[in-house]
Amino acid sequence: MGIKDLFSSDARNKKRIDRWIRTAINPYAQSADRYHAMQQLLDDGSEDALVGVFKRFTIASTKSIEDEEEKGWAYRKLSALGPKVLPAAKRFCLEDEPSIEGRKANIAWALRIVEDVADADQEWDILEALLEKFPPEYVPDSTPKQQMLTHLAEIDDPKTVDILMRYLDDPDENIRFQVIEALFDIADPRAKDALVARLVHPDEDSVRLKTRILDGLADTGWDVSEHTEALAPHIGNEHAISGGKVVRR
């Protein structure tokens, strides 16, 4: 086979993969056609093809039951590939641009697959790349960042708390609230000072966020004696400081 034939073969294969991907992510196609397209991509097995299967998670077909069944099928098929699927999972999470094709950002399924097949080092490799892509800064669509943080919060690792605390300063209130919830669920005392700092921050104007921090401090029973003076203006009518701890009235 000559160089010209090789390039021609590669081009034809890319066209086939692109065609299958278009069918797999077409919400108006027949379910059987999407299944067939995904199976062709799985049979191909290349990284490009597997990324195409991951893209199925970014669209919702017109029939909700079929949609969930197809996504569940894709999830099981991709997980069954084991660690060989990780390069495609990482690429999908980092490079997918759903807005280009009118799709919705969705890396939650991909992260579930990563959890299923990756060891700790492989999982952190992908998460650290995502953390670099989604720092605690403004992004037009925070959905993938929220999904990343949800996944991160479930990892039992000391550095999880340190990473989550960085997102207490995210400009998106929903991200900040999500991180506060996660930190109180984990209940690591190392987060206490950072949570108090968020509560008393001069630019923090979210009432629900402040209330959640006060409720969390009351639930954990952490000693906030060293923060009494700073907390006093923010206690409100539903909480008080007693014995160096925040309590509900």
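Just so you know, all these numbers are worked out from the coordinates, no wet-lab data involved. All of these numbers come straight from a predicted model, not from anything done at the bench. Here the Cβ is made from the backbone with ideal geometry for all residues, glycine too, and neighbour counts use every protein chain on show.
With no solvent and one equal point scatterer per Cα, compute the Debye intensity ratio I(q)/I(0) for region 71-211 at 0.13, 0.18, 0.21 Å⁻¹ and report its log10, rounded to two decimals.
-0.61, -1.04, -1.29
In debye, nearest 20, what is the charge dipole magnitude of region 1-133 about its Cα centre with +1 on Lys and Arg Cβ and -1 on Asp and Glu Cβ, if you could check? Write out the running numbers ahead of the final one.
Details: 21 positive and 25 negative charges, 131 e Å.
Around 620 debye, computed over region 1-133.
Toward the positive end of the charge dipole of region 1-133, about the Cα centre and with charges on Cβ (Lys, Arg +1; Asp, Glu -1), which of Ala74, Val114, Gln40 goes farthest?
Gln40
Can you run the Rg to Rh ratio on region 137-249? Use alpha carbon positions and the Kirkwood inverse-distance Rh. Don't skip to the end; give the middle numbers.
Numbers: Rg = 13.9 Å, Rh = 14.4 Å.
Over the Cα atoms of region 137-249, Rg/Rh equals 0.97.
Hey, got the dipole for region 185-249? About the Cα centre, +1 on K and R Cβ, -1 on D and E Cβ, debye to the nearest 20? Each step should come with its number before you reach the end.
Values: 9 positive and 12 negative charges, 39 e Å.
So the dipole magnitude of region 185-249 works out to roughly 180 debye.
Taking every alpha carbon pair in region 1-133, what does the distance histogram look like in 5 angstrom bins from 0, in percent?
Taking all Cα pairs of region 1-133, the binned fractions are 2, 11, 20, 22, 19, 13, 8, 4, 1, 0 percent.
Output wanted: per-residue J couplings in Hz (rounded whole) for region 161-170, from phi through Karplus 6.51 cos²θ - 1.76 cosθ + 1.60, θ = phi - 60°, x for Gly and Pro.
Result, ordered by residue: 4, 4, 5, 4, 4, 4, 7, 5, 9, 5 Hz.
Only loop residues by DSSP count here, and only those with at most 13 other Cβ atoms within 10 Å; note down the GluC sites (Glu not before Pro) in region 125-215 that meet that. If you can, show how the numbers build up before the last one.
Values: sites: Glu128, Glu132, Glu137, Glu154, Glu173, Glu181, Glu204; in loops: Glu137, Glu154, Glu204.
For GluC sites (Glu not before Pro) across region 125-215 that sit outside H, G, I, E and B with at most 13 neighbouring Cβ atoms in 10 Å, the list reads Glu137, Glu154.
Assuming a ≥ b ≥ c are the square roots of the Cα gyration tensor eigenvalues, decide whether region 121-184 counts as rounded (a/c under 1.5), prolate (otherwise, with a/b larger than b/c) or oblate. Walk me through the numbers on the way to the answer.
Working: a/c = 1.88, a/b = 1.23, b/c = 1.53.
It comes out oblate by the Cα gyration axes.
As I understand it, the value is the acute angle between the Cα axis of helix 173-186 and the longest principal axis of the Cα atoms of the chain; what does it come to in degrees, rounded to 10?
So the inclination is approximately 80 degrees.
For region 110-149, just the Cα atoms, rotate onto the principal axes and tell me the three extents in Å, largest first.
In descending order, the Cα extents are 31, 16, 10 Å.
Step by step: find N for region 58-147, compute 2.2 N^0.38 Å, then divide the Cα radius of gyration by it. What's the final number? Present the calculation step by step, with values, prior to reporting the outcome.
On the way: Rg = 13.6 Å, N = 90, 2.2 N^0.38 = 12.2 Å.
After normalising by residue count via 2.2 N^0.38 Å, the value is 1.12.
What is the Cα centroid distance between region 121-182 and region 196-249, reported in whole angstrom?
Taking the Cα centre of region 196-249 as reference, the centre of region 121-182 is 24 Å away.
Taking R0 as 30 Å, what FRET efficiency do you get between Asn237 and Asp188 from their Cβ-Cβ distance, rounded to the nearest 0.05? Numbers along the way, then the final one.
Working: r = 29 Å, r/R0 = 0.97.
Computed FRET efficiency for Asn237 and Asp188: 0.55.
Once amide H atoms are built 1.01 Å from N in the peptide plane, which residues 5 or more positions from Lys245, or in another chain, come under 5 Å H to H?
Val224
Would you mind ranking Thr143, Thr220 by Cβ crowding within 10 Å, fewest neighbours first?
Numbers: Thr143 14, Thr220 19.
Fewest to most other Cβ atoms nearby, the residues stand as Thr143, Thr220.
Strictly over 18 Å apart at the Cα level, which of Lys90/Lys133; Lys71/Lys133; Lys159/Lys210 would you flag in this model?
On the way: Lys90/Lys133 12 Å; Lys71/Lys133 25 Å; Lys159/Lys210 25 Å.
Where the Cα-Cα span goes over 18 Å, the pairs concerned are Lys71/Lys133; Lys159/Lys210.
To the nearest 10 degrees, how steep is helix 31-44 against the longest Cα principal axis of the chain, on a 0 to 90 scale?
Helix 31-44 sits roughly 80 degrees off the main axis of the chain.
When the dipole is taken about the Cα centre of the chain, and only Lys, Arg (+1) and Asp, Glu (-1) are charged at their Cβ, what size is it in debye, to the nearest 20?
Working: 34 positive and 48 negative charges, 197 e Å.
Taking the Cα centre of the chain as origin, the dipole is about 940 debye.
Name the residue from Val161, Val200, Ala218 whose Cα lies farthest towards the positive end of the charge dipole of the chain, charges +1 on Cβ of Lys and Arg and -1 on Cβ of Asp and Glu.
Val161
Going by a ≥ b ≥ c, the root eigenvalues of the Cα gyration tensor, does the chain fall in the rounded group (a/c under 1.5), the prolate group (a/b larger than b/c) or the oblate group?
Since a/c reaches 1.5 and a/b is larger than b/c, the shape of the chain is classed as prolate.
Relative to the present Cα-Cα distance, how much length would full extension add between Ser31 and Ala197 at 0.36 nm per residue of separation? Numbers along the way, then the final one.
On the way: separation 166, 0.36 × 166 = 59.76 nm, distance 5.11 nm.
So the chain would gain 54.7 nm between Ser31 and Ala197.
Go ahead and estimate [θ] at 222 nm for the chain from helices alone: -39,500 (n - 2.57) per DSSP H run with n ≥ 4, summed, over the residue count, rounded to 500.
Numbers: 13 runs with 156 residues, N = 249.
Computed mean residue ellipticity for the chain: -19500 deg cm²/dmol.
Once the dipole of region 1-133 is set up with Lys and Arg at +1 and Asp and Glu at -1 on Cβ about the Cα centre, which of Gln30, Thr58, Leu94 lies farthest towards its positive end?
Value: Gln30.
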